[in-house]
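Data block below; observations after.
Bear in mind these aren't lab numbers, they're just calculated from the coordinates by the rules spelled out. Please read these numbers as outputs of a predicted model, since none were measured by experiment. As a convention, Cβ positions derive from the backbone with ideal geometry for all residues, glycine included, and neighbour counts pool all protein chains shown.
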Amino acid sequence: ALLTVLSLAPGIAIMLTCFPFMVTVLSILRQAIGVQQAPPNMMIVSLALFLTWFVMAPVFDVAWTNGIAPLIAGEIDAEAGFAQTMAPFRSFMEGRADPGTMEVLREAAPGGGSMAGGPDGGPPLSLLVPSFMLTEIKHGFEVGFLIFLPFLIIDLVVASVLMSMGMMMVPPAIVSLPFKLAFFVLADGWTLLAGALVRGYGA
């Protein structure tokens, strides 16, 4: 049982953090620029993981201090340790989960929405976790749409110029790619985007 929990822990931790939002935004950014394999998937996932670690560090510290450390020391039992470890994650997810999404899932649940609440009267984890993940993915697509717009404008301008010059056989994506890369590099896009993503969780 312990080995099973340890093997599932990384995946479970990702579900309870801002990782879905981070990786969604970074993936859409790469698609907007028009480069399919630069940076590679491993780099995108690694950057999302470290940004997640940076954002979630206070939550991790509280979970370790209040739950995991006393459980290892034998000061509390497993049930209390789990509840105290999950408490900061629950607070984080409840602050980010969309109430509308949560209500839709509650009504769609087997039993007509009669889901038992959490230990503190909040929503159960079976409802809170998918609601939080769906909300994070939705926010990721919203931010990705805003990121996509300037690159789309560059594509449209390049396509219009090529059409006006009669160069209809030249793929606009090939011509616009250097301009999009130059725009992103000159604007220091990676740093600006990472800072904006992190500040979004500090509000």
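Among Phe82, Phe21, Phe89, which is the only one that is part of a helix (DSSP H, G or I) and surrounded by fewer than 17 Cβ atoms within 10 Å (Cβ to Cβ)?
Phe82
Hey, among the residues in region 31-46 that are surrounded by 15 or more Cβ atoms within 10 Å (Cβ to Cβ) and touching a residue at least 40 places away in the same chain (Cβ under 8 Å), which one's nearest to Pro88 (Cα to Cα)?
Step by step, filter region 31-46, then rank; the result is Ala32.
Give region 144-173 a look and list any residue that's within 19 Å of Val35 (Cβ to Cβ), of a type in the set (A, V, I, L, M) and within 17 Å of the chain's Cα centre (by Cα), or say none.
Scanning region 144-173 gives a single hit, Ile147.
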